[in-house]
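Here the structure is laid out as structure tokens; the discussion comes afterwards.
Please treat every number below as a calculation from the coordinates, not as lab data. Predicted model only: the values in this text are computed from it and were never measured. Positions of Cβ are generated from backbone atoms using ideal geometry, with glycine treated the same way; all protein chains shown enter the neighbour counts.
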Amino acid sequence: MNTLEIYKNLKIVKIINEINVDIENVTIDTRKVEKGSCFIGIKGEKTDGNLLYKNAFDAGASLVILEYFDESPENINYLKENNKSVIIVPSSIEALGLLAKLKRSEFFSPVVAVTGSAGKTSTKDMIYSVLKEKYKIHKTIGNQNNHIGLPLTILSLDKDNEILVLEMGMNHLKEISYLTNIAKPDVAVITNVGTAHIGNLGSRENILKAKLEILEGLNPNGTVIINNDNDLLHKWYLENKDNYKIITIGINEVSDYMPVIIEKGEWGTTFSCKNTIYKVPVGGDHFIYNALSAIAVANLFNVSTKEIQDGIINFELSSNRMSVSVTEGITLIDDSYNANFDSMSYAIKYLTSLPGRSIAVLGSMKELGKFSESLHRKIGALVAKEKINILITVGDEAKFINEEAINNGYNKDTSYHFETNKEAIAFINSIKRSEDNILVKASNSLNFKEIVDNIK
């Protein structure tokens, strides 16, 4: 990518000192600027990148893209004397997306995109783990799945990357539409349609509509992989199976990829699929879905059975996502990164599948709007049904989990609610014992990582 290509592909208000040089990388972080970089200044909550252009130039940037710039004689002379250029644009974020779109147009290898209400990151990580056994893969780091993270992921592609695996998240309608039209995926994976962000979208049907926006950018010859056990996706499949190339995965509904469970344990699950045995090193049915999606994707790219098996067994989760560790006989399940109804349900069911005393430390689930109380109460009913040994809740909304568990017959003597993480930590440390299984889960804003760090 060079500056002339960039000039042609952006919506530009003004170019100050037009130059023709190659651009080595694109970044929004002055700490990552190198010689020949393009720096895009974005105004954030705490820092205004538009004011950091001097830092970028000092670090070696050749080109800076800003929404506003101090055109003092001193600054203009600096640009001319040092062969630097400034582009003024209406929107820095829009410019970031347009440059990512340009980069994608120059990347002729396949793109796999993953979206869904829950399990996006773990599914992306599983697909990556399998594909990297054969190919040089680039993927979304962590959960950088929004209008800033996805373009940056595309812009960080290397020339020798053979497949790109992207995660797409959203809070509102049209957000995935924007992302998919940048990414232009060849394979679209939809993990499920649940209740995450239902407060913003109003209904699960609208959430389905938002997730299906991924198809707007799909290659006309592309493939859709869906969880056929999800009620809304199953209905969509029946209505659209003749309109798209669709591969289904499922445990319950008859699907293209289905497991025959051989063994379940705290270490994970062994299952057979299409006469091949796979070992998933993490417990819980949701990781079986992840593995089935990865197998389906891998088969599209001619990955061998042995490579798929190795990729699944070597699978590693992103930080704070169902990370399981054992210290002094206590199994700690750190799923503190985020929470919604679906992911919390999966985590609770996994907790109760383990031998030993179960302790669920559950916090509030955010962005549920008018559905918040009812969904928290549904979790409480599930806690009672799954017979969790000790329930600990933290946060305003989480009190409904506690109340509803008791309403459904849960023992109030083993149910505790705290207002602060500090109080919960003190209590957990006073009751924990060897052979306990402790699940820690809440929306990220509750900072349950603090609990994890202090009960190890």
### Query
Which far-off residues, 5 or more places away or on another chain, put their amide H under 5 Å from the one on residue 114, with H placed in the peptide plane?
166, 167, 168, 189
### Query
Which of 8/101; 370/399; 84/139 have a Cα-Cα distance over 21 Å?
84/139
#### Entry: In Hz, Karplus ³J(HN,Hα) per residue of the range 143-155 (6.51, -1.76, 1.60; θ = phi - 60°; x = Gly, Pro)
10, 6, 10, 10, 5, 9, x, 5, x, 5, 4, 5, 5
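With +1 assigned to the C-beta of every Lys and Arg and -1 to the C-beta of every Asp and Glu, and no other charges, what is the dipole magnitude of the chain about the Cα centre in debye, to the nearest 20?
On the way: 50 positive and 57 negative charges, 85 e Å.
Once rounded to the nearest 20, the dipole reads 400 debye.
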### Message
Suppose we keep just the DSSP beta bridges with both residues in the range 323-455; what percent of those would be antiparallel, to 5?
### Response
20 percent
### Task
Pop out the ³J(HN,Hα) list for the range 117-129 in order, Karplus 6.51 cos²θ - 1.76 cosθ + 1.60 with θ = phi - 60°, rounded to Hz; leave Gly and Pro as x.
6, 8, x, 4, 5, 5, 5, 4, 5, 5, 4, 4, 4
## Note on the structure
Diffing the range 254-264: the Karplus 3J(HN,Hα) column from phi (6.51, -1.76, 1.60, θ = phi - 60°), in whole Hz with x for Gly and Pro, holds 4, 9, 5, 10, 10, x, 10, 5, 9, 7, 10
### Summary
Relative to the chain, whose Cα atoms define the longest principal axis, helix 372-386 and its Cα axis are tilted in degrees, nearest 10, by 40 degrees
### Message
Quick check: residue separation of residue 55 and residue 406 times 0.36 nm, minus the Cα distance between them. What number comes out in nm?
### Response
120.6 nm
### Per DSSP, loop trypsin sites (Lys or Arg not before Pro) in the range 202-261 with at most 13 further Cβ within 10 Å
241
## Note on the structure
The farthest towards the positive end of the charge dipole of the range 107-313, of the residues 201, 147, 226, given +1 on Cβ of Lys and Arg and -1 on Cβ of Asp and Glu, is 147
### Query
Over all pairs of distinct alpha carbons, what does the Kirkwood formula give as the hydrodynamic radius of the range 107-313, in Å?
17.0 Å
## Note on the structure
Given the candidates 358, 418, 324, the one whose Cα lies deepest towards the positive end of the charge dipole of the range 323-455, counting +1 at each Lys or Arg C-beta and -1 at each Asp or Glu C-beta, is 358
### Linear extension gain, residue 71 paired with residue 157, 0.36 nm per residue minus alpha-carbon span
27.6 nm
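Cross-link list 264/349; 211/378; 54/103; 35/80: which exceed 19 angstrom alpha carbon to alpha carbon?
Too far apart for the 19 Å limit: 211/378; 54/103.
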### Read-out semi-axes √(5λ) of the Cα gyration tensor in Å, derived from the coordinates shown; its label in (i) 36, 28, 19; (ii) 34, 33, 19; (iii) 42, 27, 20
(iii)
### Task
Could you pull out the chymotrypsin sites (Phe, Trp or Tyr not before Pro) across the range 67-116 that fall in loop regions by DSSP (anything but H, G, I, E, B) with no more than 10 other Cβ atoms inside 10 Å?
108
### Summary
Listed by chain and number, the residues whose amide H is under 5 Å from that of residue 394, excluding neighbours fewer than 5 places away on the same chain and using placed H, are 362, 363, 364, 418
